[in-house]
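As structure tokens, the structure follows; a few thoughts come after it.
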Amino acid sequence: MKIIQSMLDRLIESPNNILELTNRHIIEVDEFDMAIKATNLTVGHVLTCEAHPNSDHLHVTTVDVKDEVLQIVCGAPNVAKGQYVIVAKIGAVLGEDFEIKPTKIRGIESFGMICSLSELGIPKKHIEKEYQEGIFFFKEPVEVGSDPLKQLQIHGYKMMLGITPNRSDLLSHYGFAKDLATMTGKRVTLPAYNFDETLKNPYKVSIESDLGLQYHARYFENVEIKESPLWLKNALIQSDIEPINNVVDITNYVLMLYGTPLHAFDHELLEGNEIRVRTKNMPTNVVTLDGIEREVPANTLFICDAKKEVAIAGVMGLENTMITDKTTKVLLEAAAFNPESIKNTSKTLDLRSDSSLRFERGIDPTMPIEGMKLATKLLVELANARVSNIVSNLNNPYHPVVVTIKKDMIENRLGFSIGKEKLLSIFKAYNYEVKEQDNFYELTIPSYRNDITIDADVLEEVARYCGLDLIENQTLLHKHIGKLTDKQKTIRKIRHFLANQGLNEVINYSLVSEDDIDQYVTIGEAVSLLNPLSQDRKVLRQSLIKGLLSTVNYNQNRMQEDLFLFEIGHVFSKDREENRLAIALSNKYLENKWQGINIHGDYFVLKGLVEALFTHLNVEYQFEAANTYGFLHPYLQANIVVQNKPIGYLGKVHPKLAKKFDIDSTYVLELNLDLLCQNEISYKPISKYPSIERDIAFVVDQGIKASKIEKIIIQTVRKQLVSLSLFDQYQGENVEQGKKSLAYRLVFNDDTKTLESDEVDKLILKVTKRLQFEFKAIIRQ
């Protein structure tokens, strides 16, 4: 919301420290600047105007500016003797940096400039035709030496307020003036209304829905549609509203001044001399004032005449009754509607207007009739209109809000003393009606402050009046020192570990296309957006893999071939949300040309990363072969199992999917961190007794999985076995075809004693016999 000084001055005197006062006591100011960027301007009277002796288009003038008479050379074709003009004196600055200096033009000295309106920054299209190609001059005599911007009512500052959602009262100059009056003790004065109601209003108004709160209509005849005066156009331009014609501009001006949305209908296009505020129980197609055809859903509130819809209530009028250059009879509407209804309609139609913003925030219920009176005054003055009486229908009379607040609450909460007399004066400044009870005050809140509903709101208002800087900063005291949860610590540990292993963390979009959901692991019913920005960002993801593959594609298309990435993020379904870890490896993982090291990221490198990570986290795990993931290579994929629960998977991206993404061979992993972090960490002291290592090698059928062998070994010597690792696998010479040789290193320890060599030999013998029985293993010596 922009506050324009020339508009504010119609209601209240603006103090010199308006910026500081607003920032400190009313609301934050986002921008502050002058409405017209020009200094050292004055009204001048052209005493003489002669042709320039050395030019066929220049004029030499003498101009009285009250304290002196200036000789000014002017090139405007419309300059003439006797005019009252705008003069930029020596030292004046126009715009950002155009400074007026003494100069000599074709041999004649010039001491200033007679200004056109465009030189003051007013867009040429909004300047009256007679002034577009020359200087501006007043049509009536004005005081010489006075401020020309004030004479034109385009003077002063413009201030952009950082409106918060609760302060709907500040969406108008009137609301701002009321708050300014509270802080300065000055009085808000509404303009006087002087006009005669010479016509009888032919309209009947009915409200047929509880969503309509009040409706007022006034009929006008002999309306002249024409260009608005400069002061009115400038007020709208400074408010970022495009001037259209005098009737429409008046309704917009009242909106900005009073915060009261008005709408003007062409009477000749209305049918039946009847206005009905009603809903329809079926969808309706209409064309709004912006020329767009819209389908309006059922149960939307409309303004209708006897036969058709003429406006979407509180949002926008319809093209079928719009004001045109041929309009001579006007019906003017001032109304109030249910805020929630207007908000829903505006959101559903994706149609937001200055009117809908104010209606959905809530307008002052006493101001529609005031807005109607001001608009009537302006239509009489600027459009020569004849006026009828107002026809009204009040469906829901306003009942003021009453708030009770304990007497000791304010000082106790704010932490400084105010005193009863001072507090009562603050209540009076805010226009609260006060009833004093034994232990509390009963406050009746004025109609323009619909955000004051509870005692905490009153407390905030008192603090704002006194100055928030009076409230001392205090350190918050907590009995408990904040810390990370065990889950947060684990995730941080994972993130640091992977970064230390040379992986780069990425963050991808949480939204994917509908087609992407079923290609990867799913966790439930998909969640879709009602109004997605694009079809590629419509559904919440259920896997991190799509995002990682897209990142691999993006980088490899830009010649970044070697990639080792990870992402920690959330996946979603209708009633579920999980935290996941995903990894992607493609091409070289480690290279050292000097030492001849060249390790490509493959299935076993990825598996090794998982093993190192789980060892770092002290988590017991298993890998189980799988072929259920259609987006992975059927013979290079596995489930990751912790405490007999699958918590993730790893494997090579299926060649068809890699081709679709146009990426090199890529290996991926995805883990459910919620399940991983449920794993409780157990601690035990380091054994003070030495460990003993033994190696065992044996030959088994090629089809027997190493995981099954390891499971049997652990079952057999679980109590004393500390570590089990496969350090060699061999197929070839001296090993029968269809067989493979495996070599394991076993580490034994006993927490209670030193193991003897013969005890370890017995454990190894148990293992060999179990392997011979289960797998027909042949022990190699």
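Considering only the stretch 563-596, state which residues are assigned to a loop (DSSP other than H, G, I, E, B) and open to solvent by 40 Å² or more (accessible area, probe 1.4 Å). Listed by number, the residues that qualify are K574, D575, K593, W594, Q595, G596. For the stretch 395-410, the count of residues that are in contact with a helix residue (DSSP H, G or I) (Cβ under 6 Å, 6 or more places away or on another chain), more than 22 Å from Q214 (Cα to Cα) and at pLDDT below 90 is nonzero. For D56, the criteria (1) modelled with pLDDT of 90 or more; (2) outside any strand (DSSP E or B) hold in every case but one, which is (1).
May I ask you to verify whether D457 is assigned to a helix (DSSP H, G or I), of a type in the set (D, E, K, R), modelled with pLDDT of 90 or more and at negative phi? In short, yes.
For (1) farther than 27 Å from I426 by Cα; (2) buried (at least 17 other Cβ atoms within 10 Å of the Cβ); (3) of a type outside the set (V, I, T); (4) modelled with pLDDT of 90 or more, each residue gets a yes or a no:
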{"residue": "I18", "(1), (2), (3), (4)": "no, yes, no, yes"}
{"residue": "A35", "(1), (2), (3), (4)": "yes, yes, yes, no"}
{"residue": "T48", "(1), (2), (3), (4)": "yes, no, no, yes"}
{"residue": "A51", "(1), (2), (3), (4)": "yes, no, yes, yes"}
{"residue": "A76", "(1), (2), (3), (4)": "yes, yes, yes, yes"}
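Checked against (1) in a helix (DSSP H, G or I); (2) among the acidic types (D, E); (3) closer than 13 Å to L379 by Cα, E268 meets all criteria but (3). Given the condition closer than 16 Å to K37 by Cα and either surrounded by 15 or more Cβ atoms within 10 Å (Cβ to Cβ) or over 37 Å from the mean Cα position of the chain (by Cα) (or both), answer yes or no: does some residue in the stretch 167-187 qualify? For the stretch 167-187, residues closer than 16 Å to K37 by Cα and either surrounded by 15 or more Cβ atoms within 10 Å (Cβ to Cβ) or over 37 Å from the mean Cα position of the chain (by Cα) (or both): absent. The set of residues in the stretch 277-306 being within 18 Å of S206 (Cβ to Cβ) and exposed (fewer than 11 other Cβ atoms within 10 Å of the Cβ) consists of N281 alone. Hey, can you tell me all the residues within the stretch 112-130 that are touching a strand residue (DSSP E or B) at 6+ places or on another chain (Cβ under 8 Å) and in a helix (DSSP H, G or I)? Within the stretch 112-130, E119, L120 meet the criteria. Taking strands (runs of 3 or more DSSP E) as the structural unit, those lying wholly within the stretch 138-209 and holding at least 1 residues that are touching a strand residue (DSSP E or B) at 6+ places or on another chain (Cβ under 7 Å) and under 30 Å from M1 (Cβ atoms) correspond to 157-161, 204-207. Among the polar types (S, T, N, Q), assigned to a helix (DSSP H, G or I) and open to solvent by 40 Å² or more (accessible area, probe 1.4 Å): which single residue out of S392, S425 fits that description? Selected residue: S425, the only one of S392, S425 that is among the polar types (S, T, N, Q), assigned to a helix (DSSP H, G or I) and open to solvent by 40 Å² or more (accessible area, probe 1.4 Å). Among the residues in the stretch 658-675, are any open to solvent by 40 Å² or more (accessible area, probe 1.4 Å), more than 19 Å from I778 (Cα to Cα), of a type in the set (K, R) and modelled with pLDDT under 90? The answer is no; no qualifying residue exists. Scanning the stretch 686-704 for residues that are open to solvent by 90 Å² or more (accessible area, probe 1.4 Å) and either free of Cβ contacts under 8 Å to residues at least 24 places away in the same chain or among the polar types (S, T, N, Q) (or both) yields I686, K688, Q702. Of all residues in the stretch 398-416, at least one satisfies being among the hydrophobic types (A, V, I, L, M, F, W, C) and in contact with a Cys (Cβ under 9 Å, 6 or more places away or on another chain).
Residue-by-condition table, conditions (1) within 21 Å of S239 (Cα to Cα); (2) open to solvent by 10 Å² or more (accessible area, probe 1.4 Å):
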| residue | (1), (2) |
| --- | --- |
| L331 | no, no |
| A336 | no, no |
| S341 | no, yes |
| L349 | no, yes |
| P368 | yes, no |
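Out of the residues in the stretch 96-118 meeting the condition of being open to solvent by 40 Å² or more (accessible area, probe 1.4 Å) and of a type in the set (G, A, S), tell me which one is farthest from A35 (Cα to Cα). Step by step, filter the stretch 96-118, then rank; the result is G107. Scoring I86 on the criteria (1) surrounded by 18 or more Cβ atoms within 10 Å (Cβ to Cβ); (2) assigned to a loop (DSSP other than H, G, I, E, B); (3) in contact (Cβ under 8 Å) with a residue 60 or more places away in the chain leaves a single failure, condition (2).
Within the stretch 483-537, take every residue that is hydroxyl-bearing (S, T, Y), in contact (Cβ under 8 Å) with a residue 60 or more places away in the chain and closer than 24 Å to K660 by Cα and give me the one that is surrounded by the most Cβ atoms within 10 Å (Cβ to Cβ). Only one residue tops the list, namely Y520. Whenever a residue of the stretch 705-725 is modelled with pLDDT of 90 or more and among the β-branched types (V, I, T), its partners that are open to solvent by 60 Å² or more (accessible area, probe 1.4 Å) and assigned to a helix (DSSP H, G or I), lying with C-beta atoms within less than 7 angstrom and at least six residues away or across chains, give the pairs I712/R770; I712/E774; T716/K766; T716/R770; V717/K766.
Conditions (1) in a loop (DSSP other than H, G, I, E, B); (2) of a type outside the set (A, V, I, L, M), marked per residue:
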{"site": "A264", "(1), (2)": "no, no"}
{"site": "G272", "(1), (2)": "yes, yes"}
{"site": "V277", "(1), (2)": "no, no"}
{"site": "M282", "(1), (2)": "yes, no"}
{"site": "E295", "(1), (2)": "no, yes"}
{"site": "N299", "(1), (2)": "yes, yes"}
{"site": "I303", "(1), (2)": "no, no"}
{"site": "A306", "(1), (2)": "yes, no"}
{"site": "V310", "(1), (2)": "no, no"}
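The values are calculated or read from the model by the stated rules, or taken from the named source; none is laboratory data. Note that the structure is a prediction, hence the values are computed from the model and not measured. As a convention, Cβ positions derive from the backbone with ideal geometry for all residues, glycine included, and neighbour counts pool all protein chains shown. Areas reflect the complete protein model, heavy atoms only, side chains present, ligands, DNA and RNA absent. Shrake-Rupley method; radii C 1.70, N 1.55, O 1.52, S 1.80 Å.
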